[in-house]
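Quick one: structure below, then a few questions.
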Amino acid sequence: MSTSTHYLGKATSRVDGRAKVTGQAKYAAEFNAPGLTYGFVVSSTIAKGKIKTIDTSKALALPGVLQVFTHKNRPPQPWFDRSFQDEDSPPGSPFRPLFDHHVHFSQQPVALVVAETFELARYAATLVEVTYETEDHVTDLGVQRAKAYVPKQYKNDPPPDARGDFEKAFQEADKRIEVEYTHTSEHHNPMEMHASTVVWEEDGTLTIYDKTQGVANSQSYVKQIFGLSKKEARVISPFVGGGFGSGLRPQYQLFMATMAALELKRSVRVTLTRQQMFSFGHRPATIQPIALGADAGGTLKALSHKAIGETSRFEDYAEIVVNWSGMIYPCENAQFGYQLAQVDAYTPLDMRAPGGVTGMFAIECAMDELAYELNLDPLELRLKNYAEKDLNEDLPFSSKELRACYEQGAEKFRWAHRQAAPRSMHDRQHNLVGWGMATGSWDSAQQPASAKAVLSLDGKLTVSSATSDIGTGTYTVMSQIAADRMGLPLENVTFKLGDSSLPHAPLQGGSWTVSSVGSAVQLVCDGLRKKLFKQAQKLENSPFADASFEDVTFAEGQVRLTQDASQALSITEIMRQSGINSLEEEVDAKPDSKQKKYSIYAHSAVFAEVKVDEDLGTIKVTRVVSAIAGGRILNPKTARNQILGAVMWGIGMALEEESVMDHTYGRFMNHNLAEYHIPVNADTPEIEVIFVEEHDDIVNPLGAKGLGEIGIVGVAAAIANAIFHATGKRVRDLPITLDKVL
Ligand code: MOS
């Protein structure tokens with residue numbers, strides 16, 4: 001073998017790419033079973049009240065309709081314990097489908113029709129007649145703001161403590177701004193709809209193909225709710241057609257399909273419609289009052305960042321929104337606040353960089369406003385207020401190459417050519433041109449994760465962990481880590497995921513998969529290397545007889561003396577000579593305790609150019625440069641993919657995405673992709689992605705920070721700031737649609 005087996009840091013195409021583009025990759029609703037039946041969910045037409053009557057007789061009369069489940073005939077479950085928590089539950093009590101006659105939100109599932117075909121189930125669902133007694137609902141955060149409260153309990157970090165004396169410093173500041181930013185609710189719109197195919201096996205066990213970002217989480221949900229053992233419910237999810245957070249919590253189609261399968265003793269598939277995808281979690285509408293004060297030179301003297309987020313009546317979904325300001329800016333007089341206001345809607349749900357995109361949008365626009373007050377370049381203002389340590393936690397950063405992001409991003413964008421005054425730049429078509437920038441940050445967490453590795457006599461390595469690949473490139477990067485560590489060709493390595501029978505992994509979210517599962521994969525390979533080395537040493541005439549493990553290198557399918565590569569044995573040779581058919585190792589990897597002494601984040605600087613047609617108010621993002629400090633980049637190709645997708649989503653957040661609630665009905669009205677606008681190819685600007693050099697040996701043994709979320713943070717602010725620069729009009733409410741600009 002002569003090809004290199006070093007893969008980390010090399011642009012590598014997806015190992016699952018062929019399966020995906022040829023249709024070999026199967027998603028939750030594509031698994032079949034003999035005698036499969038189909039469930040269709042009936043959704044509530046009111047936002048709040050009670051079901052008075054529910055008549056299922058017409059649906060049941062159709063030949064081929066097997067059952068219609070409602071709150072009246074649903075089986076009693078052990079689960080209806082309000083304290084049930086899944087891995088991503090906020091404090092409160094979860095929504096319980098078909099529990100009773102109460103309706104808590106519009107489109108709440110009120111019945112499940114199960115039939116021999118999907119078309120029949122869908123038709124029969126239209127025949128279910130429900131009458132309601134409506135109660136007054138409130139869905140407007142602006143109205144409920146008056147009743148906002150501080151949550152008693154947080155799933156994540158609470159806002160930081162106040163420091164210094166904000167009021168005094170604000171009054172004494174040379175320049176001040178006091179503003180309020182808002183954005184509407186947004187919904188996850190992955191291409192793949194939520195679906196569960198529950199295969200009922202003859203022995204009564206269930207094999208569940210679920211759309212989820214964590215098979216372990218789905219398994220624990222059905223286990224607890226239906227009183228099943230791990231063996232009785234296996235959850236499988238090899239491919240996910242986009243998650244973005246929508247699959248972090250088990251959704252009601254999983255409950256419905258599992259309940260029906262157990263009751264009917266048949267295999268059941270329940271798929272939600274695009275409309276029904278708007279019936280559960282979403283990014284919460286949030287209001288953010290911000291006040292900043294600076295001295296004449298531009299040093300921040302006072303910072304106040306508050307937020308009021310929307311939540312449901314039954315769970316306190318709190319995000320980390322205001323903390324970012326106190327971490328990014330080293331202001332000594334600062335205060336923070338976070339409150340929730342309840343509306344009659346479903347509980348919000350983490351959506352790509354939850355809280356981070358929200359908070360950084362507000363503070364980064366506010367900093368832009370302050371820069372104009374000060375007559376300072378917005379980039380210069382950031383550099384004047386650069387945090388060398390995290391004042392929230394009073395901790396040093398494990399690494400922070402944000403300055404390099406600012407510098408390299410600005411250079412690539414040609415920021416120095418910016419004319420400071422708003423409305424001063426034009427293109428040849430007489431469009432107003434605006435240049436804006438913003439900072440981004442996202443935490444780089446490591447969670448405990450396990451992995452198993454099996455090396456077989458033919459030199460093939462199979463590594464497994466019950467994580468997911470929601471499109472992020474997990475299959476590929478884990479294969480690269482394993483191949484690189486073992487010195488095996490990539491094609492000899494198979495990585496398995498998405499099966500609850502594999503070693504435990506956390507939900508795929510929070511940008512922690514590479515850090516968590518990747519560390520486990522590296523560790524398990526290290527264990528295997530040691531085992532292999534021991535075997536090699538025991539062989540007759542072993543070239544390693546006097547060597548220690550530290551003296552050898554694994555490369556090109558061989559174990560070699562690092563000092564003398566001619567002293568080598570191939571991995572397959574070692575196994576053959578030792579008479580072993582396979583070598584196994586399983587590990588649990590945990591974050592090192594030294595991480596507690598550091599503040600650990602990825603950073604970014606985003607630069608955006610917009611062109612605004614002054615007559616029509618249309619806005620086009622024409623250029624984006626995103627410079628990322630994300631530690632060691634394991635696969636520049638999949639890494640760049642992550643940032644490109646995130647930039648596109650940031651454009652959506654800035655200009656298009658908006659779940660429009662009709663407060664009369666308490667319902668999101670644009671629950672389809674014709675009216676819920678997302679950026680399309682025609683909206684795609686020139687996007688440059690820069691990964692700056694960043695060395696970090698604290699974050700995890702790989703030195704890599706997660707990239708799933710950092711790419712979207714800061715994008716909306718950079719665009720909003722560019723729009724101000726182009727037009728001189730400050731729009732503080734997302735999305736910035738043309739009516740707000742005109
Ligand atoms: Mo992400 S919102 O942690 O899937």
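The values are calculated or read from the model by the stated rules, or taken from the named source; none is laboratory data. Every value quoted in this text rests on a predicted model; they were computed, and no experiment measured them. Quick reminder, even Gly has a Cβ in these numbers, built from the backbone with ideal geometry, and neighbours come from all protein chains shown.
Kindly list, by first and then second residue, each pair from a residue in segment 236-257 that is under 18 Å from N641 (Cα atoms) to a residue that is away from the ligand (no atom under 16 Å from the Cβ), limited to pairs with Cβ atoms under 6 Å and residues at least 6 apart or on different chains.
Final answer for the pair search is F239/A25; F239/Y27; G241/Y27.
Here's something else I'd like to know. May I ask you to verify whether G631 is away from the ligand (no atom under 16 Å from the Cβ) and among the small types (G, A, S)?
On the way: away from the ligand (no atom under 16 Å from the Cβ): yes; among the small types (G, A, S): yes.
Judged against the criteria, G631 is a match.
Looking for whichever is under 30 Å from P591 (Cα atoms) and out of contact with any helix residue (DSSP H, G or I) (no Cβ under 7 Å at 6 or more places or on another chain) here; the options are L402, L391, L376, L395. Which one fits? It would help to see each step written out before you state the result.
Values: L391 fails: out of contact with any helix residue (DSSP H, G or I) (no Cβ under 7 Å at 6 or more places or on another chain); L376 fails: under 30 Å from P591 (Cα atoms); L395 fails: out of contact with any helix residue (DSSP H, G or I) (no Cβ under 7 Å at 6 or more places or on another chain).
Result of the check over L402, L391, L376, L395: L402.
Taking the options S516, S479, S500, name whichever one is within 16 Å of the ligand (Cβ to nearest atom), surrounded by 17 or more Cβ atoms within 10 Å (Cβ to Cβ) and modelled with pLDDT of 95 or more. Explain how you work it out, then say what you get.
Working: S479 fails: within 16 Å of the ligand (Cβ to nearest atom); S500 fails: within 16 Å of the ligand (Cβ to nearest atom).
That would be S516, the only listed residue that is within 16 Å of the ligand (Cβ to nearest atom), surrounded by 17 or more Cβ atoms within 10 Å (Cβ to Cβ) and modelled with pLDDT of 95 or more.
Looking at segment 667-705 only, could you name the residues that are among the basic types (K, R) and under 29 Å from T513 (Cα atoms)? First the steps, then the outcome.
Residues of segment 667-705 among the basic types (K, R): 667, 705.
Matches in segment 667-705: K705 only.
Hey, among L490, L528, which residue is surrounded by fewer than 24 Cβ atoms within 10 Å (Cβ to Cβ), at pLDDT 95 or above and not assigned by TED's automatic domain parsing to the domain that holds G326? It would help to see each step written out before you state the result.
Working: L528 fails: surrounded by fewer than 24 Cβ atoms within 10 Å (Cβ to Cβ).
Just a single option satisfies the conditions, and that option is L490.
Does S93 meet the test of being under 25 Å from the mean Cα position of the chain (by Cα), farther than 29 Å from A483 by Cβ, surrounded by fewer than 20 Cβ atoms within 10 Å (Cβ to Cβ) and among the hydroxyl-bearing types (S, T, Y)? Give the steps one after another, and end with the answer.
On the way: under 25 Å from the mean Cα position of the chain (by Cα): yes; farther than 29 Å from A483 by Cβ: yes; surrounded by fewer than 20 Cβ atoms within 10 Å (Cβ to Cβ): yes; among the hydroxyl-bearing types (S, T, Y): yes.
Spelling it out, S93 is indeed under 25 Å from the mean Cα position of the chain (by Cα), farther than 29 Å from A483 by Cβ, surrounded by fewer than 20 Cβ atoms within 10 Å (Cβ to Cβ) and among the hydroxyl-bearing types (S, T, Y).
Just checking, does segment 627-636 include any residue being surrounded by fewer than 23 Cβ atoms within 10 Å (Cβ to Cβ), basic (K, R) and not in a strand (DSSP E or B)?
The answer is yes, given that some residue of segment 627-636 is surrounded by fewer than 23 Cβ atoms within 10 Å (Cβ to Cβ), basic (K, R) and not in a strand (DSSP E or B).
Something else about it: Hey, among F691, F724, which residue is within 23 Å of the chain's Cα centre (by Cα), at pLDDT 95 or above and over 30 Å from T134 (Cβ atoms)? Break it down into steps so the answer makes sense when it comes.
On the way: F724 fails: within 23 Å of the chain's Cα centre (by Cα).
The unique qualifying residue is F691.
Continuing with this model, one more query. When segment 512-535 is examined, which residues are found to be touching a residue at least 40 places away in the same chain (Cβ under 8 Å) and more than 23 Å from V235 (Cβ to Cβ)?
Keep residues of segment 512-535 that are touching a residue at least 40 places away in the same chain (Cβ under 8 Å), which gives 512-529, 531-532, 535.
Those that are touching a residue at least 40 places away in the same chain (Cβ under 8 Å) and more than 23 Å from V235 (Cβ to Cβ): S515, S519, Q522, L523, C525, D526, G527, L528, R529, K531, L532, Q535.
Does E586 qualify as being over 24 Å from the mean Cα position of the chain (by Cα), surrounded by fewer than 21 Cβ atoms within 10 Å (Cβ to Cβ), more than 30 Å from S444 (Cβ to Cβ) and modelled with pLDDT of 95 or more? Don't jump to the end; show me each part of the working.
Working: over 24 Å from the mean Cα position of the chain (by Cα): yes; surrounded by fewer than 21 Cβ atoms within 10 Å (Cβ to Cβ): yes; more than 30 Å from S444 (Cβ to Cβ): no; modelled with pLDDT of 95 or more: yes.
So E586 fails the test.
Here's something else I'd like to know. Among (1) touching a Gly at 6+ places or on another chain (Cβ under 7 Å); (2) farther than 22 Å from Q213 by Cα, which single condition is S43 missing?
So S43 meets the others, but not (1).
Do you know which of the residues in segment 595-626 that are surrounded by fewer than 24 Cβ atoms within 10 Å (Cβ to Cβ) and in a loop (DSSP other than H, G, I, E, B) is nearest to the chain's Cα centre (by Cα)?
Y598
Kindly provide the set of residues from segment 166-188 that are more than 26 Å from A654 (Cα to Cα) and surrounded by 15 or more Cβ atoms within 10 Å (Cβ to Cβ), ordered by number. I'd like the intermediate steps shown before the answer.
Of the residues in segment 166-188, the ones more than 26 Å from A654 (Cα to Cα) are 166-175.
If the condition is that a residue be more than 26 Å from A654 (Cα to Cα) and surrounded by 15 or more Cβ atoms within 10 Å (Cβ to Cβ), then F166, A169, F170, A173, K175 are the ones that fit.
Just to be sure, is S464 of a type in the set (S, T, Y), surrounded by 20 or more Cβ atoms within 10 Å (Cβ to Cβ) and touching a residue at least 12 places away in the same chain (Cβ under 8 Å)?
Working: of a type in the set (S, T, Y): yes; surrounded by 20 or more Cβ atoms within 10 Å (Cβ to Cβ): yes; touching a residue at least 12 places away in the same chain (Cβ under 8 Å): yes.
In short, yes.
Could I ask something else about it? Pairs, please: C-beta under 8 Å, at least 6 apart or cross-chain, first residue under 29 Å from F166 (Cα atoms) and outside the structural domain of G711 (by TED's automatic domain parsing) and in segment 336-355, second within 11 Å of the ligand (Cβ to nearest atom) and assigned to a strand (DSSP E or B)?
none
Further question on the same structure: Got a sec? Which of V741, V715, V731 is free of Cβ contacts under 8 Å to residues at least 60 places away in the same chain and either surrounded by fewer than 22 Cβ atoms within 10 Å (Cβ to Cβ) or touching a strand residue (DSSP E or B) at 6+ places or on another chain (Cβ under 7 Å) (or both)? So that I can check it myself, show each step before the final result.
Values: V741 fails: free of Cβ contacts under 8 Å to residues at least 60 places away in the same chain; V715 fails: free of Cβ contacts under 8 Å to residues at least 60 places away in the same chain.
From the options V741, V715, V731, the qualifying one is V731.
So which residues in segment 451-476 are of a type outside the set (A, V, I, L, M) and within 16 Å of the ligand (Cβ to nearest atom), if there are any at all? Break it down stepwise before answering.
Step one: of segment 451-476, the residues of a type outside the set (A, V, I, L, M) are 452, 456, 458-460, 462, 464-465, 467-469, 471-476.
Matches in segment 451-476: T467, S468, D469, G471, T472, G473, T474.
Test L488 against the criterion of being within 16 Å of the ligand (Cβ to nearest atom) and either closer than 28 Å to I208 by Cβ or in contact with a Leu (Cβ under 9 Å, 6 or more places away or on another chain) (or both), and give yes or no.
Values: within 16 Å of the ligand (Cβ to nearest atom): no; either closer than 28 Å to I208 by Cβ or in contact with a Leu (Cβ under 9 Å, 6 or more places away or on another chain) (or both): yes.
Judged against the criteria, L488 is not a match.
Could you tell me which residue of segment 213-251 is farthest from Y317 (Cα to Cα), considering only residues that are in a helix (DSSP H, G or I), among the hydrophobic types (A, V, I, L, M, F, W, C) and away from the ligand (no atom under 16 Å from the Cβ)?
Residues of segment 213-251 in a helix (DSSP H, G or I): 215-226.
Of the ones still in play, those that are also among the hydrophobic types (A, V, I, L, M, F, W, C) are 215-216, 222, 225-226.
Narrowing further to those that are away from the ligand (no atom under 16 Å from the Cβ): 222, 225-226.
Numbers: V222: 22, I225: 22, F226: 25 Å.
The extreme case among them is F226.
Another question, then. Provide a single number: the residues in segment 101-144 that are closer than 17 Å to V41 by Cα, in contact (Cβ under 8 Å) with a residue 60 or more places away in the chain and surrounded by 18 or more Cβ atoms within 10 Å (Cβ to Cβ).
From segment 101-144, those closer than 17 Å to V41 by Cα are 101-131; that's our starting set.
Right, trim to in contact (Cβ under 8 Å) with a residue 60 or more places away in the chain and you get 104-118, 120-125, 127-131.
Next, from what is left, pick out any that are surrounded by 18 or more Cβ atoms within 10 Å (Cβ to Cβ): 104-115, 120-121, 124-125, 127-128, 130.
So the answer is 19.
Return the residues of segment 361-397 that are in a strand (DSSP E or B), buried (at least 19 other Cβ atoms within 10 Å of the Cβ) and not aromatic (F, W, Y); say none if nothing qualifies. Don't jump to the end; show me each part of the working.
So in segment 361-397, the residues in a strand (DSSP E or B) come out as 389-390, 395-397.
With the extra rule that they be buried (at least 19 other Cβ atoms within 10 Å of the Cβ), the set shrinks to 390, 397.
Scanning segment 361-397 gives a single hit, D390.
Next question, about the same structure. When only residues in segment 165-205 that are part of a loop (DSSP other than H, G, I, E, B) and closer than 14 Å to L292 by Cβ count, which is nearest to the chain's Cα centre (by Cα)?
Here is the first cut: in segment 165-205, the ones part of a loop (DSSP other than H, G, I, E, B) are 165, 173-174, 184-185, 187-194, 201-205.
From what's left, closer than 14 Å to L292 by Cβ: 173-174.
On the way: A173: 39, D174: 40 Å.
Restricting to residues being part of a loop (DSSP other than H, G, I, E, B) and closer than 14 Å to L292 by Cβ, the top hit is A173.
I'd like to know if segment 112-119 contains one or more residues that are in the same structural domain as T197 (by TED's automatic domain parsing) and within 20 Å of I225 (Cα to Cα).
Yes, the conditions are met somewhere in segment 112-119.
Quick one: L655 ticks every box in (1) within 29 Å of Q342 (Cα to Cα); (2) under 19 Å from the mean Cα position of the chain (by Cα); (3) part of a helix (DSSP H, G or I); (4) not acidic (D, E) bar one, so which box is it?
That leaves (2) as the condition not met.
Next question, about the same structure. Is there any pair with a first residue in segment 396-415 that is within 20 Å of G706 (Cα to Cα) and a second that is of a type in the set (D, E) and modelled with pLDDT of 95 or more whose Cβ atoms are under 6 Å apart and which are 6 or more apart or on different chains, and what are they?
S398/D696; S399/E694; S399/D696; E401/E694
Can you pull out the residues in segment 323-352 that are of a type in the set (A, V, I, L, M, F, W, C), within 16 Å of the ligand (Cβ to nearest atom) and in a loop (DSSP other than H, G, I, E, B)?
As a first pass, look at segment 323-352 and keep what is of a type in the set (A, V, I, L, M, F, W, C): 324, 327-328, 331, 334, 336, 340-341, 343, 345, 349, 351.
Retained after the next criterion (residues that are within 16 Å of the ligand (Cβ to nearest atom)): 324, 349, 351.
L349, M351 - these are the residues of segment 323-352 that are of a type in the set (A, V, I, L, M, F, W, C), within 16 Å of the ligand (Cβ to nearest atom) and in a loop (DSSP other than H, G, I, E, B).
Just a yes or no: is a residue in segment 307-330 in contact with a Cys (Cβ under 6 Å, 6 or more places away or on another chain) and touching a residue at least 12 places away in the same chain (Cβ under 8 Å)?
Of all residues in segment 307-330, those in contact with a Cys (Cβ under 6 Å, 6 or more places away or on another chain) come to none.
No, there is no match, as no residue in segment 307-330 is in contact with a Cys (Cβ under 6 Å, 6 or more places away or on another chain) and touching a residue at least 12 places away in the same chain (Cβ under 8 Å).
Same structure again: Suppose the filter is within 17 Å of the chain's Cα centre (by Cα) and at negative phi; does A520 pass it? Break it down stepwise before answering.
On the way: within 17 Å of the chain's Cα centre (by Cα): no; at negative phi: yes.
Taking the combined requirement at face value, the residue does not satisfy it.
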